[in-house]
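Visitor: After the structure tokens below, expect a handful of questions from me.
What follows draws every value from the coordinates through simple rules; no lab data is involved. Nothing here was measured: the structure is a model prediction, and the numbers come from that model. Virtual Cβ from ideal backbone geometry, glycine too; neighbours counted across all protein chains shown.
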Amino acid sequence: MKWKGRKASSNVEDRRGKGGAMVAGGGIGGILIVLLVAFLGGDPSVILDQLSGSAGTTSNEPYEATAEEEELAEFVSVVLADTEQVWTEVFEEEGMEYVEPTLVLYSGSVESACGTAGASVGPFYCPGDYKLYIDLSFYDELQNEFQAPGDFAMAYVVAHEVGHHVQNLLGVMEEVQPLRNQLSEEEYNKVQVRLELQADYLSGVWAHHAQGMGYLEEGDLEEALTAASAVGDDTIQQRSRGYVVPESFTHGSSEQRKRWFYKGFQTGNLKEGNTFNATDL
């Protein structure tokens, strides 16, 4: 992605080195459950309340970031600025006003309006404070554990979380969240899948416009599709459990996630992203 030398967003809050070290119970299995429930846009507070053991005290030592991490921080800030430009224009075309979210960079653990989250949760959006949260160490995890390398894979992650913010502004989350207490776990999971797939679609809409502005390079689209596939529920479950349980999906299969991102990339509009009415996901 062509990003160096371009405008970075001012809506970035750097909390690296300011959080305590969270200790989550359940070991590797607990971490994978958290990833499954909250990865790329879920609400981490519910599962973290169950898995959290204790939180460490806040460190007073200054945080020292590597040069690579500082470059990554600049990169996600530029991506955020791009999403601000795109969604401001898209909302204006629909006669609406886009309210820009804040990107919080953290290390270890962080407090949000959705509760305390550790780095094992992965990037997430909290509708209660209009903020998306990212521990930049996730970039290494994305490349090494999920086998999804490339800067545009990380751009997809940011755009997906911004997609949840767009859903929040459109009132989608307000309609979905009360269903948690009205439906069975299996039925609510199905609703959650549609929510996540719509965020994938919206990230594709952003990528469509980023391409139109000349920011994409050869191979960027493939990087995003690889990342979308890598975080599919079936892929994560197969890797962590050795088998797949479709009834427990909360984000959609690898194929679904790729399909909805690519659909957003092709159309570039809000109109064709209603996953809640789609008969074939």
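Visitor: I need the peptides 93-104, 71-82, 171-182 ranked by packing, meaning the mean over residues of other C-beta atoms within 10 angstrom, with the highest value on top.
Guide: 71-82, 93-104, 171-182
Visitor: Hey, another quick one. Per residue and in Å³, how big is the convex hull formed by the alpha-carbon atoms of segment 90-243?
Guide: Looking at segment 90-243, the number lands at 126 Å³ per residue.
Visitor: If you don't mind, another one. Students often get this wrong, so check it: of LYS7/LYS258; LYS18/LYS263; LYS2/LYS271, which have C-alpha atoms separated by over 31 Å?
Guide: LYS18/LYS263
Visitor: By average Cβ neighbour count within 10 Å, what is the ranking of 105-115, 235-245 from highest down?
Guide: 105-115, 235-245
Visitor: When the Cα centres of segment 135-198 and segment 209-224 are compared, how far apart do they sit, in Å?
Guide: Here the two parts' Cα centres lie 21 Å apart.
Visitor: If you wrap a convex hull around the C-alpha atoms of segment 70-132 and split its volume per residue, what is the figure in Å³?
Guide: Details: hull volume 5.1 nm³, N = 63.
Value for segment 70-132: 81 Å³ per residue.
Visitor: Within segment 195-281, report the GluC sites (Glu not before Pro) that DSSP leaves as loop and that have at most 15 other Cβ atoms within 10 Å.
Guide: Passing both the DSSP loop test and the Cβ count: GLU217, GLU218, GLU272.
Visitor: Restricting attention to the alpha-carbon atoms of segment 157-281, what are Rg (one decimal) and Dmax (integer), both in Å?
Guide: Over segment 157-281's Cα set, Rg and Dmax evaluate to 14.6, 46 Å.
Visitor: Using only the Cα atoms of segment 192-251, construct the convex hull and provide its projected area averaged over every direction, in square nanometres to one decimal.
Guide: That works out to 4.5 nm², a quarter of the Cα hull's surface.
Visitor: Taking θ = phi - 60°, what integer Hz values does the Karplus form 6.51 cos²θ - 1.76 cosθ + 1.60 yield along segment 188-205, in sequence order, with x for Gly and Pro?
Guide: In residue order, the calculated couplings are 5, 4, 5, 5, 4, 4, 5, 5, 5, 5, 5, 5, 5, 4, 5, 5, x, 4 Hz.
Visitor: For segment 129-209, compute the orientation-averaged projected area of the C-alpha convex hull (one quarter of its surface), in nm².
Guide: Spelled out: convex hull of the Cα atoms, projected over all directions, averaged, 6.5 nm².
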